[in-house]
Amino acid sequence: MTDYRSFLQRENSRFRFIPYSEGKLGTELLSTPGLVAIVRAMWRSKRKLPTRIRLYTFSVCPANKLCLRLHSKQRKAQGFTTIKMNATEDLGWLDSPSALQSSVERLKAVKAVGLDAGLDFHGRIHKPMAKQLAKLLEPHQPLFIEEPLLSEHPEAVKHFSQQTTIPIALGERLYHRWDIKPFLEASSIDILQPDISHCGGVSEIRRIAAMCEAYDVGLAPHCPLGPIALAASIQIALSSPNFVIQEMSLGIHYNKMTPPGAGTYDLNNYVKDATVFEVNGGYVKAPPGVGIGIEVDETEVRRVSKDCKAWRCLEFHGPDGAVREW
């Protein structure tokens, strides 16, 4: 290299992974010792890591378009630029194509407010309807579609991925690297959504993030959960070059639905400083505290735990009474 100092300055923000990125080192430093020297120099140079991350929250108006538009405006006023919503309500294995049009209209309503939107198929749609819905949504450019098919069908997900240009996300039902490996090797997903509470914690999700980076797959940690899971996920986001967006449960409808009477509690109830998750321009700042960056209000946790009822997974049933994927 003719001027490694300018190279270090230019690439400093990517110093963690630049030796392996797209051949940017050229042909003059092909030996391992050369790579090691560059990496050491980068670590000694001024470190520049992200100070904030992009995130999204939920729509709580899954069916009513007017309600959705009003709620989207509220989310925008709260500082969000992206929301996620369920793609459909109840839908049969093979249903009327007319049942899909409401999904398109709701996406258009959100985008008309100036927000991006991810659509969660939630694994509740099967192949005959999923491919039709993706084709209808494509002209309106959702940010991603999540779990278009259940992850236990990796061969179907691969085939589906070849039929749409919309980014495909999944991962909340995958629990370790070996679960994820088939999807990466098949190039069938664009965004992986591991859940730090499901997949083995900080160490395993960090390894998963590194695997995804090697396959050019973005990381968007799944987290419709509480402040500890979110704060830990944010730390992973800050340290992962392939991070794209973080899920946040502020105001999620689950908080108000189960257990009965839970509507008074939300994401910030159990932290001493509620401003730690303040959203501005679609971003949240890196938590400033030690460890994962937050301080749990243990007094409040103990008080609430005395009468706390167990959370139950919601149940949905079709018109014939059969159980639907929730």
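The values are calculated or read from the model by the stated rules, or taken from the named source; none is laboratory data. Computed from a prediction, not measured in an experiment: that's the story for all the values here. All Cβ positions, even for glycine, are placed from backbone atoms using ideal geometry, and neighbour counts span all protein chains on display.
Taking the range 77-104, which residues are assigned to a loop (DSSP other than H, G, I, E, B), small (Gly, Ala, Ser) and either farther than 23 Å from Gly251 by Cα or without any contact (Cβ under 8 Å) to a residue 12 or more places away in the chain (or both)? Gly92, Ser96, listed by residue number. Pull up the range 178-196, narrow it to residues that are closer than 11 Å to Leu219 by Cα and in contact with an Asp or Glu (Cβ under 9 Å, 6 or more places away or on another chain), then point me to the one that is surrounded by the fewest Cβ atoms within 10 Å (Cβ to Cβ). Across the range 178-196, the extreme among qualifying residues is Asp190.
Checked against the criterion of being touching a Phe, Trp or Tyr at 6+ places or on another chain (Cβ under 8 Å), farther than 17 Å from Phe144 by Cα and modelled with pLDDT of 95 or more, the candidates Ala232, Ala237 yield just one match: Ala237. Applying the set (1) over 19 Å from Lys84 (Cα atoms); (2) of a type outside the set (Phe, Trp, Tyr); (3) in contact with a Gly (Cβ under 8 Å, 6 or more places away or on another chain) to Glu213 leaves exactly one unmet item: (3).
Scanning the range 105-146 for residues that are buried (at least 21 other Cβ atoms within 10 Å of the Cβ), of a type outside the set (A, V, I, L, M) and part of a helix (DSSP H, G or I) yields one hit, Arg106. Just for the range 252-268: of the residues that are over 22 Å from the mean Cα position of the chain (by Cα) and at pLDDT 70 or above, which one is surrounded by the fewest Cβ atoms within 10 Å (Cβ to Cβ)? Selected residue: Thr264. The criterion of being touching a residue at least 60 places away in the same chain (Cβ under 8 Å) and within 22 Å of Asn86 (Cα to Cα) holds for Val244. On the basis of being surrounded by 10 or more Cβ atoms within 10 Å (Cβ to Cβ), assigned to a strand (DSSP E or B) and in the same structural domain as Lys73 (by TED's automatic domain parsing), does Val284 make the cut? Against the criterion (surrounded by 10 or more Cβ atoms within 10 Å (Cβ to Cβ), assigned to a strand (DSSP E or B) and in the same structural domain as Lys73 (by TED's automatic domain parsing)), Val284 qualifies.
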